[in-house]
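Below is one structure, written out as structure tokens; the observations come after it.
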Amino acid sequence: MPRVKISEFRSKNILCSAFGLPYTGVHIDATTDWQKQIAGLSKTKRYVVKVDQGVKGRFKKGLVFLDRKHSQLKADILALSKKGYRFVLIEEFKHHTPDSESYLSIERTRAGNMVMFSTSGGINVESNAAAMKSSLMKPSSAPSVEQALGLKADSMSKLTAAFEDNYMAFLEINPLVVTDGVPQFLDAAIEVDSEAGPFVKEAWTVSDFRDPAIKTPEELVVEELASTSQASFRLKVANPNGSVFLLLSGGGASIVVADEVYNQGYGRELGNYGEYSGNPDEAETYLYTMQVISLMLKSKSSQKVLIIAGGVANFTDIRVTLQGVVRALATSKAALRRQHIKVFVRRAGPFDVEGLANLRAFLDREKLLGYVAGSELVLSEIVPKAVASLKAGE
Amino acid sequence: MQSIDIAKLRKLDPHIVCIGSHRGIIQSILDFDHMAGKARPSIVAIVATGRKRERYFFGPGEVSLPVYTTIHDIPDADTLKLNLFLNLSSGRRVLKSSLEAMENLPALIGGVIFAEGLPERHAIELYAESKKHNIWIIGGASVGLIIPGVFKLGAIGGVQAGQLEQSKLFTPGSVAVVSTSGGMVNEFIRAVATTGHALSFSLAIGGERYPMLTPEEAFLAAERDKATTAIAYFGELGGTDEYILADLLSSGRVTKPVVAYIAGAVAEVFDTPPQFGHAKAMAATVDESARAKMRALSTAGAHTAEKFGQFIKLMRDLPDKTDEVRPKTSAAGLDRRRPALIASSISADRNGNMTVLGEDLLELAENNSFAHIVVSMFLGYETKSVELEKFVDFVLRLLVDHGPYVSGSVNTIIAARAGKDLVSSLASGLLTIGPRFGGAINGAAAIWLEGVAGEHTPASLVEELAAKRKYILGIGHKMYRVDLPDPRVAKLLEFTAKLKVKKYTDFAKGVEALTVRKKGNLILNVDGAIACVLLDLLSEKEGFTTDQLQTLVDTEFFNAFFVLARSVGFMAHYFDQVRLDEGIFRLTAAQVADLSNQA
């Protein structure tokens, strides 16, 4: 999960402190006792209320309220919370003219930090593509950016230092309003490199990460599992009522198998995408499998298959990981049988002969067997077999 | 970054340093080496914390690989030979440890980074440094590089000996496999083997956003390599590398046939596409989608397939089928190997012959002095120096006994008088040896070593120890004084007469010159003299480095001669007591001061 968005609240804190400016925004977590936070705000000021959860196009989605009175804040937060959002940002509302809105972004690339800027910023920045300028960030190119945007000299060096020190991958300020050379960050989005946590001295932490997706309990369990393991785990629900569920291994192989489901015309029937890799132990594989089974059993589709597949592993122990899979399947074997679920397997790697034999014996005994193959079957070819069984049942 | 030259690598005698340890991967490299018919493992050193050595199988037998805490601890002779690194440490440690490898290994030409999760900023910085050092780096998140029959740098190709055989990794072939994914690189390697071909080389780019060796560079390496006649490529959605590859093909910079598969069409199913398995695998724009990239490659002349199954058929149709070259040794039975319970480099029973340090015991006994055998066995190899042998012989004789008054002798005598047997009485005396009795030789060696290695002057060391209120072990005597010298010390120091440097002895004498000015009996004593002469002989005649000498100090090597020699004295006292039969030893009340009523 290398590039992740952090909250607007944290982003603005980082930017303001880079310029020695105060930041007075208030960060609300709708699941806590936030009313006290509102009570502490001035009754006479005007406010902006917006969802702070990494959602794109908030204006167009109606997730930003402008020029609000203190008495309106509570209702605004409740309205956003009712839509399923948890994190809200409240800031003082400041008047500015739309033509003062500029745009500034920095992105890390292999060649260096790429700066893009425009004096025609705001929500319609994309329709003004001609006004957008870009250049690689160098000390020598800073003055031209500063002059174009009306920023004081050394502003870009402050911004670059904040970018580097915080291991940012992407920084976007839009709109940027500059008054007397001093920047105002009306909106700011930062993507950080999530792997850099040990190097940023808690300038940002995992608690600042924002993901617009609303997650299932199963996805949350896998997230937790991934954060506490040396191995890698991912799980994403596609169609909760799908008929094809995937238990895949390997970053690349998992996409090949998911692709084949799509190629077979069952893309919309895909219940989930996910993968595990990096030699997880038996218990971790068990926990992960339990989440996939849970999603599958909840699906209302009348016909379901589970595809367990992966490439020829380099170092993941197939015997150990499949043991975890068998243990998880065993806990729900009756429910799986009741729903007529069949399991299709293609996997290879260290100790695959033993691992596959154990899994086949279990599936056969429990009447869950669809097909079990090792490297003699082309990786993707397990999918047509699973799909054929779905078609036969229709 | 140095562009990677596969033809040149094929002629390389690989000397690999592993940064971090990973049992399965290291074992698989040793299995590969043995099956390829190499006489020694390609891995020369492991840099990791924990133990000093790790034991691995090399074929059916076992070898022990040295483990060093830092790259600086690797002996110079090995440092000069290391030409490849395999970085197995965690993502956050990769930058620092790889920089250290580049800065300290003069023969280094390239390396692989295995860890996933190298911060982007570190990857870009490391890439820039690798260019400066003229070194190629593959990764991060790469399972490595393999050249059939030559070397295996990483998990690539599998970790089970049987896998290596099935994938024909000992057959020099003509298909280059390049993949962003570690799992799929192995899937492709297997497909190359099962379609009647063999690999010319294979490498995993790694799924990170900024791989240090790009697909473009891998393609150009395949184009330059005469043995390669076709390229098989696996890519994923996300990133724009495939447009650069398409450009290589359409501009004619790569002329060899390419078969390619780009995974990730399924992303179209998701409203907000998930982060697929790899960091890079997220299509931000339409251009980064699997389909668009596949189309671009196809237009440029690559053979692509919409479905993976069709793709495998394309591989089957590649030219240049290769006859398999069997590995020099078979993988059969290797999965059933069990490690030995203990390892020994001192002695062994070889076909009924007892050997010590590799030499037939009887021959060793007939042709060598006891002192030579003692010092050789203590050091774990046959020493060369006659001076060392003669000195040890003298020390062993000199230290046999120092009267019945000293603690160890008294304890032996008491145990003997209590009716205990030989070994119990001897053990009772030996167990007395420690910081205050008999242990001063090692303590003195520690001080002389610290003085010389820490670039102290005798004055600064004396001052430092005095400030800490510590005794200088090896200095001081009850009876002898500067004007009444200890004749034994004079004899011991004679052994340095022909040494060129004798820096430890000079240092010890420098300390003595200062201490005798404070008090006449603070002279270099027997313990201190043995310590400094041994240090000088080991350093000058046997080539011990400071670190090696420190290890000897840490393991109490310098006391071993005392323990051995004084055992003679303790046993003598035991026999003597049995003959005298004095009865049990007991103190009277008058011989114990009663302090029990003192508050």
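Take every Cα pair under 8 Å in the range B:407-580 that's 6+ residues apart, average their separations, divide by the length, and report that relative contact order as a whole percent.
34 percent.
In vacuum, with every alpha carbon of the range B:407-580 counted as one equal point scatterer, what does the Debye formula give for log10 I(q)/I(0) at q = 0.08, 0.11 Å⁻¹? Two decimals, please.
-0.28, -0.52
Of the trypsin sites (Lys or Arg not before Pro) in the range A:346-394, which ones lie in a loop per DSSP and count no more than 15 other C-beta atoms within 10 Å?
For trypsin sites (Lys or Arg not before Pro) across the range A:346-394 that sit outside H, G, I, E and B with at most 15 neighbouring Cβ atoms in 10 Å, the list reads A:Lys367.
Given R₀ = 45 Å, FRET efficiency for B:Ala77-B:Ser3 by Cβ-Cβ distance, to 0.05?
0.90
Could you check the simple spin-label distance between B:Arg40 and B:Arg291, using points 7 Å along Cα→Cβ, in nm with one decimal?
So the label points at B:Arg40 and B:Arg291 sit 5.7 nm apart.
When the chain is fully extended, how far beyond the present Cα-Cα distance does B:Arg336 get from B:Lys491, taking 0.36 nm per residue of separation?
Length gained between B:Arg336 and B:Lys491: 49.9 nm.
First check a/c for the range A:65-206, with a ≥ b ≥ c the square roots of the eigenvalues of its C-alpha gyration tensor; if it is under 1.5, answer rounded, and if not, answer prolate when a/b is larger than b/c or oblate otherwise.
Cα axes put the range A:65-206 in the oblate bin.
Which ³J(HN,Hα) values, rounded to whole Hz and listed in residue order, are derived for the range B:328-333 from phi using the Karplus coefficients 6.51, -1.76 and 1.60 in 6.51 cos²θ - 1.76 cosθ + 1.60 with θ = phi - 60°, glycine and proline given as x?
Per residue, the Karplus-derived 3J(HN,Hα) values read 5, 10, 7, 7, 4, x Hz.
Which of the peptides B:568-577, A:249-258, B:228-237 is most tightly packed, and how do the rest follow, going by the mean number of other Cβ atoms within 10 Å of each residue?
Going from most to least packed, we get A:249-258, B:228-237, B:568-577.
Quick check for me: using +1 on Lys/Arg Cβ and -1 on Asp/Glu Cβ, what's the dipole size of the range A:23-92 about its Cα centre, in debye to the nearest 20?
Value, rounded to 20: 300 debye.
Of B:Trp448, B:Trp136, A:Trp204, how do they rank once you tally other Cβ atoms within 10 Å and put the fewest first? Could the numbers behind the result be given before it?
Details: B:Trp448 27, B:Trp136 21, A:Trp204 24.
Listing B:Trp448, B:Trp136, A:Trp204 from fewest to most nearby Cβ atoms yields B:Trp136, A:Trp204, B:Trp448.
Assuming a ≥ b ≥ c are the square roots of the Cα gyration tensor eigenvalues, decide whether the range B:185-243 counts as rounded (a/c under 1.5), prolate (otherwise, with a/b larger than b/c) or oblate.
Since a/c reaches 1.5 but b/c is at least a/b, the shape of the range B:185-243 is classed as oblate.
Rounded, prolate or oblate for the range B:1-107? Axes are the square roots of the Cα gyration tensor eigenvalues, ordered a ≥ b ≥ c, and the cut-off for rounded is a/c under 1.5.
oblate
With contacts defined as alpha carbon pairs under 8 Å and 6 or more residues apart, what's the relative contact order of the range B:132-188 in percent?
Details: 49 pairs, mean separation 16.7, N = 57.
Worked out over the range B:132-188, it gives 29 percent.
Once the other residues with Cβ under 12 Å from the Cβ of B:Ala39 are scored (Lys, Arg +1; Asp, Glu -1), what is the net sum? Walk me through the intermediate numbers first.
Numbers: positive: B:Lys38, B:Arg40, B:Lys328; negative: B:Asp13, B:Asp33.
Surrounding charge for B:Ala39 is +1.
Filter the trypsin sites (Lys or Arg not before Pro) in the range B:514-599 to those in DSSP coil with at most 15 other Cβ atoms within 10 Å of their Cβ, and list the result.
Here the trypsin sites (Lys or Arg not before Pro) that fit, given the DSSP loop and packing criteria, are B:Lys519, B:Arg586.
Only loop residues by DSSP count here, and only those with at most 15 other Cβ atoms within 10 Å; note down the trypsin sites (Lys or Arg not before Pro) in the range B:310-343 that meet that. Don't skip to the answer; put the middle values down first.
On the way: sites: B:Lys313, B:Arg316, B:Lys321, B:Lys328, B:Arg336, B:Arg337; in loops: B:Lys321, B:Lys328, B:Arg337.
Listed in order of number, the matching sites are B:Lys321, B:Lys328, B:Arg337.
Towards the positive end of the charge dipole of chain B, with charges on Cβ (+1 Lys, Arg; -1 Asp, Glu), say which of B:Val254, B:Ser409, B:Leu564 has the farthest Cα.
B:Ser409
Sequence gap at least 6, Cα distance under 8 Å: using those rules, report the relative contact order of chain B to the nearest whole percent.
Once divided by the residue count of chain B, the mean separation gives 10 percent.
I need the phi-derived Karplus couplings for the range B:392-402: 6.51 cos²θ - 1.76 cosθ + 1.60, θ = phi - 60°, integer Hz, Gly and Pro marked x.
Those phi angles translate into 4, 4, 5, 4, 4, 6, 5, 8, 4, 7, 9 Hz.
What list do you get for B:Ser425, A:Ser299 if you sort them by fewest beta carbons within 10 Å? Let's see the in-between values first.
Values: B:Ser425 26, A:Ser299 22.
Fewest-to-most ranking of B:Ser425, A:Ser299: A:Ser299, B:Ser425.
Treat every Asp and Glu Cβ in the range A:98-210 as -1 and every Lys and Arg Cβ as +1, leave all other atoms uncharged, and give the resulting dipole magnitude about the Cα centre to the nearest 20 debye.
With Lys and Arg at +1 and Asp and Glu at -1, about 320 debye.
For labels at A:Arg110 and A:Lys158 in the simple 7 Å Cα→Cβ model, what's the distance in nm?
Placing both labels 7 Å beyond Cα along the Cβ direction yields 3.5 nm.
Would you order B:Cys532, B:Cys18 from fewest to most other beta-carbon atoms within 10 Å of each residue's own beta-carbon? All intermediate terms of the calculation are to be shown ahead of the outcome.
Working: B:Cys532 31, B:Cys18 27.
Least crowded to most crowded, the residues run B:Cys18, B:Cys532.
Answer with one residue from B:Thr194, A:Gly393, A:Ala148: the one whose Cα lies farthest towards the positive end of the charge dipole of the protein assembly as shown, charges on Cβ with Lys, Arg +1 and Asp, Glu -1.
My answer, from the dipole projection, is A:Gly393.
Using the Cα centre as the reference, give the magnitude of the dipole from point charges on the C-beta atoms of the range A:217-393 (Lys, Arg: +1; Asp, Glu: -1; all else neutral), rounded to the nearest 20 debye.
880
Any number yet on Rg/Rh for the range B:359-470, C-alpha, Kirkwood?
We get a ratio of 1.09 for the range B:359-470.
What does the convex hull of the Cα atoms come to per residue for the protein assembly as shown, in Å³?
Looking at the protein assembly as shown, the number lands at 281 Å³ per residue.
So which of B:Lys96/B:Lys131; B:Lys478/B:Lys519; A:Lys82/A:Lys215; A:Lys50/A:Lys82; A:Lys236/B:Lys307 end up more than 19 Å apart by C-alpha?
A:Lys236/B:Lys307
If you average the alpha carbon positions of the range B:491-551 and of the range B:68-98, how far apart do those two centres end up, in angstrom?
35
For B:154-164, what's the mean count of beta carbons from other chains sitting within 10 Å of each residue's beta carbon?
5
Share of antiparallel DSSP beta bridges in the range A:217-393, in percent to the nearest 5?
Expressed as a percentage, antiparallel bridges in the range A:217-393 total about 25.
Computed from the coordinates by the stated procedures, all read-outs in this text should not be read as laboratory data. All of these numbers come straight from a predicted model, not from anything done at the bench. Cβ sites come from the backbone with ideal geometry, for glycine too, and all protein chains shown count toward neighbours.
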